[in-house]
1. I need the calculated FRET efficiency for the pair V182 and D104, taking r as the beta carbon distance and R₀ as 30 Å, to the nearest 0.05.
2. Ordering H133, H113 from largest to smallest accessible area (1.4 angstrom probe), what's the sequence?
3. Under a point-charge model restricted to the Cβ atoms of Lys and Arg (+1) and Asp and Glu (-1), what is the dipole moment magnitude of the chain relative to its Cα centre, in debye to the nearest 20?
4. Specify the inter-centroid distance of region 272-327 and region 188-219, based on alpha-carbon positions, in whole Å.
5. Determine the calculated [θ] at 222 nm for the chain from helices alone, applying -39500 (n - 2.57) to every DSSP H run no shorter than 4 residues and normalising by the residue count; nearest 500 deg cm²/dmol.
6. Taking 7 Å along the Cα-to-C-beta vector as the label spot, tell me the L318-I166 distance in nanometres, rounded to one decimal.
7. Under the rule of at least 5 residues apart or a separate chain, name every residue whose amide H is placed under 5 Å from the amide H of T240.
8. Positive end of the charge dipole of region 207-286 (Lys, Arg +1 and Asp, Glu -1 on Cβ, about the Cα centre): tell me which of S283, M272, N221 has its Cα farthest that way.
Amino acid sequence: ALALLTSTLVVGVSSVSSTRVEAAAGGLATSYVPIAPIRILDTRESSALQPKSSLTLTPIDAAVSAAISAKGVDPAKVEAVAINLTAIDTFGPGFLTAWPTGSDQPNISSLNHQTARAVVPNLAIVPLGTNGHISIYSLSGTDLSIDVQGVFERADSSIGGRFIPIVPDRAIDTRESTPIGVGKSIVVDLTSQIPVTASAAVLNIAATETAGPGYLTVWANGVPRPDPAANLNYPAANYTVANSVITGVNAGKVRIFSLASADVVVDVVGYMTGDNDEGGDVSEGLYVPLLPQRLWDSRPNEAPCRTSNIGAEKTASLAVAGQLQVPSTGVSAVTMNLTMTDTRRAGFLEA
């Protein structure tokens with residue numbers, strides 16, 4: 001098995017403090033609206049983010065605003081965004097932190113990179129802060145690209161855009177057939193895992209046995225490929241890298257493009273309901289964006305747990321309900337960012 005499998009919604013961000021705090025977005029329920037990925041920042045076109053510095057940006061820019069308005073979403077009602085962060089040509093080992101502007105910078109990582117000149121992607125859900133802004137901090141300095149994958153619109157109830165978690169299920173593994181060719185794309189049918197009426201799929205995607213540097217882009221089948229946009233970057237040949245993706249679907253199908261030849265593994269961890277879905281409680285599955293906080297750190301000298309590492313082929317059981325800002329009842333899934341560090345050998349993590 002390759003890569004991270006999670007039954008949570010997607011990767012997000014977390015913080016060290018164990019003190020209960022109010023959600024940055026007011027703890028308001030939302031429904032998800034997918035869009036074709038839109039690039040809102042690429043510092044290679046200007047200047048890199050310098051060590052121990054931060055930037056502030058508006059993720060709901062003109063292009064994103066037009067895309068969501070076309071789907072009937074009022075930009076003023078957006079509570080959070082799903083973004084793909086990619087650190088490019090990093091200055092050295094370090095991390096990125098994403099959080100809502102106006103809140104104190106949390107002591108967390110949204111993305112980690114361990115060498116200079118690395119290319120590392122990660123998905124994050126970030127609540128909007130003051131004037132609809134989000135902030136990004138870099139410890140060691142890096143170029144950075146950010147693509148908006150979708151938005152979370154304020155909603156007390158909704159037919160579409162509600163998250164339904166499933167037991168993680170593998171949809172495709174091209175190692176068992178044929179890799180994606182150079183500059184080619186494939187269609188992946190997810191209807192064995194999600195309803196044909198779903199508006200979006202929540203996936204974990206891994207690229208492996210890459211033929212050279214490149215990237216993967218995932219989008220709803222039947223529409224033009226969003227360019228530039230990437231969900232996952234691989235910087236070299238014979239590379240393995242994974243990332244979480246929330247992508248729009250069309251009749252239960254997505255398309256995956258690869259710049260270089262690569263094998264691809266796709267695991268489905270859940271889906272978003274569609275506007276034509278029937279049945280179910282229209283208040284179930286709504287997403288509540290929260291200020292990021294750290295739940296657990298297994299390193300012996302780190303807060304909040306100061307415990308020991310997870311041994312090979314071992315598990316750890318973590319209490320989530322009732323912890324930090326998570327209610328004790330009424331929660332079916334949570335957004336987490338899972339980071340493995342000080343690994344003993346090649347392997348994978350499954351949640």
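The values are calculated or read from the model by the stated rules, or taken from the named source; none is laboratory data. Because the structure is predicted, anything quoted here is derived from the model rather than measured. Cβ sites come from the backbone with ideal geometry, for glycine too, and all protein chains shown count toward neighbours. SASA here: full protein model, heavy atoms, side chains in, ligands and nucleic acids out. Shrake-Rupley method; radii C 1.70, N 1.55, O 1.52, S 1.80 Å.
1. According to the calculation, E is roughly 0.05.
2. H133, H113
3. In debye, rounded to 20, the chain gives about 620.
4. 23 Å
5. On the way: 1 runs with 8 residues, N = 351.
Calculated mean residue ellipticity at 222 nm is -500 deg cm²/dmol.
6. 2.4 nm
7. none
8. N221
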